[in-house]
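This report refers to the structure that appears directly beneath it.
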Amino acid sequence: MFGFKPKPQSAPAPADDTQAKAPPGGLFSRLRQRLSRTGSSLTEGMATFVLGLKEIDEEALSELEDRLLLADVGVDATRELVDRLTVRVRRKQLADVDALMDALRVEMTELLAPVSRPLIIDAAARPFVILMVGVNGAGKTTTIGKLAQHLRNAGHAPLLAAGDTFRAAAVEQLQRWGERNQLPVIAQGHGADSASVIFDAMGAARARGSDVLIADTAGRLHTQTNLMDELAKIKRVMSKLDLAAPHEVLLVVDAGNGQNALRQAEEFHRALGVTGICVTKLDGTAKGGILFAIAKRLGIPIRFIGVGESLEDLRVFEAGEFVAALMARN
């Protein structure tokens, strides 16, 4: 297991937006700030709404249910959360809005706890292969760069495979990360066979002693059957060198897509057997509740969250920390 405590960089930071300056304050305060839009959509106005009520009633719970749905917590997860709170209300256990919010924090944390499982790099797998998948625009290539540098800082020797051969900018972006952070990148020409690139990269990782290979793939809509089949081909080609590869299929989804991110996760999981999820762009949306929907519907581990553009904003997902930041009072 590895944590993400940034170390001093031995190479200059990239000039592009992948290394934007982090906001001031500690890690928790930054997380709280980044999740403020979703947090506000959940809690803003609740205190005013229940002001004057002698106790929390069904009307208050109905208001809370609406807020959970607007934050894209999803029907299933919302129903579970509200049902659990309703039981407490009927038992006269929630006297005021503070008690309601405290109970909601507990229930949210319990719902997310089963998927709060960090990525573990198996030292016996050399290289440990991480296959990155997702739709266009989810932030996959940027996440790869950040993850690779974090892994290097944690003592690993990552190698990158530029398997997104359909978008020249993706290859160039990975190469910039490699050049500026001493990370080797295996790439071929534009339009090359992605499976071939990744196959070569696995061999190169073994030859160079790299213990982790992070393989990029072209972004694709989950509805594009032919491109989803190509990912299955990549998995088959990998197995020729290592039957267990890829050891992690990490899906990157954009939190701003809301319920569509859940549908993406369902389709990618059906096609590939997703083993981990990274939810990006949580800082720019009020729909951060999608993590609860994913947890309830799929139960796939949420490995990381992206809450900004700095290195510190790629966070190992921790249910308790996430909920505490989400529900923090100003």
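The values are calculated or read from the model by the stated rules, or taken from the named source; none is laboratory data. Note that the structure is a prediction, hence the values are computed from the model and not measured. Glycine also receives a Cβ, built like all others from the backbone with ideal geometry; neighbour counts cover every protein chain displayed.
Data overview
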item	result
Considering residues of the range 206-264 that are crowded, with 21+ Cβ neighbours inside 10 Å and of a type in the set (Asp, Glu) only, the residue modelled with the highest pLDDT	248
Failed criterion for residue 56 (all others in (1) more than 20 Å from residue 255 (Cβ to Cβ); (2) modelled with pLDDT of 90 or more; (3) part of a loop (DSSP other than H, G, I, E, B) hold)	(2)
Those residues of the range 134-158 which are part of a helix (DSSP H, G or I) and polar (S, T, N, Q), in sequence order	141, 142, 143, 149, 153
Answer from 122, 193, 200 - the residue that is charged (D, E, K, R), touching a His at 6+ places or on another chain (Cβ under 8 Å) and farther than 17 Å from residue 253 by Cβ	122
One residue from 289, 273, 306, 258 being without any contact (Cβ under 8 Å) to a residue 60 or more places away in the chain and either in contact with an Asp or Glu (Cβ under 6 Å, 6 or more places away or on another chain) or within 30 Å of residue 205 (Cα to Cα) (or both)	273
Leading residue by the ranking (farthest from residue 263 (Cα to Cα)) among those in the range 140-156 that are crowded, with 22+ Cβ neighbours inside 10 Å and either out of contact with any helix residue (DSSP H, G or I) (no Cβ under 8 Å at 6 or more places or on another chain) or at pLDDT 95 or above (or both)	151
Answer from 127, 114 - the residue that is of a type outside the set (A, V, I, L, M) and under 27 Å from residue 232 (Cβ atoms)	127
In the range 278-306, the residues that are outside any helix (DSSP H, G or I), under 12 Å from the mean Cα position of the chain (by Cα) and at pLDDT 90 or above	278, 279, 280, 281, 300, 301, 302, 303, 304, 305, 306
Qualifying residues in the range 126-139 (those that are crowded, with 24+ Cβ neighbours inside 10 Å and of a type in the set (Gly, Ala, Ser)) - the one nearest to residue 279 (Cα to Cα)	138
Subset tally (residues that are more than 17 Å from residue 286 (Cβ to Cβ) and modelled with pLDDT under 90) for the range 68-88	0
Count - residues of the range 77-119 that are among the small types (Gly, Ala, Ser) and in a helix (DSSP H, G or I)	4
